[in-house]
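Engineer: Structure incoming, see below.
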Amino acid sequence: EQFWIDEYLKHSHEFLLSKAAVKVAQNQADRASLERLPDPTFGITYGHESNAADRVVSFSVSIPIPGRTRFAAHKEAIANAKSAEFTANATEQNIKAMAKNTFYNAKQSQNLWQIALSAEQAAQKASQMQKRAYQLGEGTLNELLNSQRLALDTILQSRTNQFDAMENYYRLLVDTHK
């Protein structure tokens, strides 16, 4: 069971996107935190005019001053990161529940198919015995037809359960990219 849950999580695009959104939000929160501190920037530019006779050198200094706006942006980024984390956790829980549900459906349908297969074999045996009894004059035509109808019904039910089991099994494989 845990193997299938892990495979679901590993291959779930929704889960991977939510984890990526958490990383992006955390990076934005980290960046907003860094921008609260003064971060001076120094620049030097050099150029020359079109005739190459005049040369221009310039220096620039930029010192952002922290204030309420940057503090509010930092708080907003932290809230966004927490929100993304809660969303990722909820997505993970939903995917785990879906994986468990799919796994148990596949397991249950497999068990039902095995039970129906046993019932099919028993009904076929009973039908054959009823046919032999009819041939020996021990049973009526009505009893023979009823036993054959019952055998056919159990065969149909067994095949239906087999298809359900196969469908659930292959759904499990497709969902886990196997």
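Engineer: Find how many whole Å separate the alpha carbon centroid of the range 60-106 from the alpha carbon centroid of the range 132-148.
Structural biologist: That distance is 72 Å.
Engineer: Measure up K107/K131; K75/K100; K19/K75; K82/K107; K23/K107; K96/K178 against 29 Å on the Cα-Cα distance and list the ones that go over. Kindly include the intermediate steps, with their values, before the conclusion.
Structural biologist: Values: K107/K131 36 Å; K75/K100 38 Å; K19/K75 21 Å; K82/K107 37 Å; K23/K107 36 Å; K96/K178 17 Å.
Exceeds cut-off: K107/K131; K75/K100; K82/K107; K23/K107.
Engineer: Taking semi-axes √(5λ) of the Cα gyration tensor in Å straight from the coordinates, which label in (i) 77, 19, 9; (ii) 48, 19, 17; (iii) 40, 16, 13 is the correct one?
Structural biologist: (i)
Engineer: What angle do you read, to the nearest 10 degrees and between 0 and 90, between the alpha-carbon axis of helix 13-35 and the longest principal axis of the chain?
Structural biologist: The helix 13-35 is inclined about 20 degrees to the chain.
Engineer: Pairwise over distinct Cα atoms, reciprocal of the mean inverse distance: report the Kirkwood radius of the range 117-164 in Å, one decimal place. Walk me through the intermediate numbers first.
Structural biologist: Values: mean 1/r = 0.0919 Å⁻¹.
When all Cα pairs of the range 117-164 are included, the Kirkwood radius is 10.9 Å.
Engineer: Determine the principal axes of the Cα atoms in the range 36-78, then give the extent along each, sorted from largest to smallest and rounded to whole angstroms.
Structural biologist: Dimensions of the range 36-78 along the principal axes of its Cα atoms: 52, 15, 13 Å.
Engineer: Could you work out the pair-distance distribution P(r) of the range 90-178 from its alpha-carbon pairs, with 10 angstrom bin width and percents rounded to whole numbers?
Structural biologist: Binned Cα distances yield the sequence 17, 30, 21, 15, 10, 5, 1.
Engineer: A further question on this structure: Can you tell me which of S118, S50, S12 moves the most in a GNM of the chain? Springs connect C-alpha atoms under 10 Å apart.
Structural biologist: Among S118, S50, S12, the largest GNM mean-square fluctuation belongs to S50.
Engineer: For K178 and R149, FRET efficiency with R0 = 35 Å and r from the beta-carbon atoms, rounded to 0.05?
Structural biologist: Values: r = 40 Å, r/R0 = 1.16.
Calculated transfer efficiency: 0.30.
Engineer: Which value in deg cm²/dmol, rounded to the nearest 500, describes the helix-derived mean residue ellipticity at 222 nm for the chain, given -39,500 (n - 2.57) per DSSP H run of n ≥ 4 and division by the residue count?
Structural biologist: Values: 4 runs with 136 residues, N = 178.
It lands at -28000 deg cm²/dmol.
Engineer: What FRET efficiency do you get for T41 and Q2 if R0 is 41 Å and r is their Cβ-Cβ distance, rounded to the nearest 0.05? Walk me through the numbers before you get to the answer.
Structural biologist: Values: r = 51 Å, r/R0 = 1.24.
Efficiency at R0 = 41 Å is approximately 0.20.
Engineer: Here's a follow-up. For q values of 0.17, 0.23 Å⁻¹, compute log₁₀ I(q)/I(0) with the Debye formula on a Cα-only model of the range 42-107, without solvent.
Structural biologist: Log10 of I(q)/I(0), two decimals: -0.81, -0.97.
Engineer: Averaged per residue, what accessible area in Å² does the range 1-131 show with a 1.4 Å probe, protein chains only?
Structural biologist: Details: 9450 Å² over 131 residues.
Here the residues of the range 1-131 average 72 Å² of exposed surface.
Engineer: In addition: Which values of log₁₀ I(q)/I(0), to two decimal places, follow from the Debye formula for the range 1-95 at q = 0.12 Å⁻¹ with a uniform point scatterer at every Cα?
Structural biologist: Each listed q maps to, in turn, -0.62.
Engineer: Name the most mobile residue of L141, L150, L112, meaning the one with the largest mean-square fluctuation, in a Gaussian network model of the chain with Cα contacts below 10 Å.
Structural biologist: L141
Engineer: Can you give the log10 of the normalised intensity I(q)/I(0) at q = 0.23, 0.27, 0.30 Å⁻¹, computed with Debye over equal Cα scatterers of the range 139-178?
Structural biologist: With no solvent term, the Cα-only Debye profile gives -0.72, -0.81, -0.87.
Engineer: Could you check how much of the accessible area of the range 1-121 is carbon and sulfur, as a whole percent, using a 1.4 Å probe?
Structural biologist: Numbers: 4970 of 8720 Å².
After summing per-atom areas, the C and S share lands at 57 percent.
The values are calculated or read from the model by the stated rules, or taken from the named source; none is laboratory data. The model shown is predicted, which means the values in this text are computed figures rather than measured ones. For neighbour counting, all protein chains shown are included, and Cβ atoms are generated from backbone atoms with ideal geometry for every residue, glycine included. Accessible surface areas use protein heavy atoms only, side chains included; no ligands, DNA or RNA. Shrake-Rupley method; radii C 1.70, N 1.55, O 1.52, S 1.80 Å.
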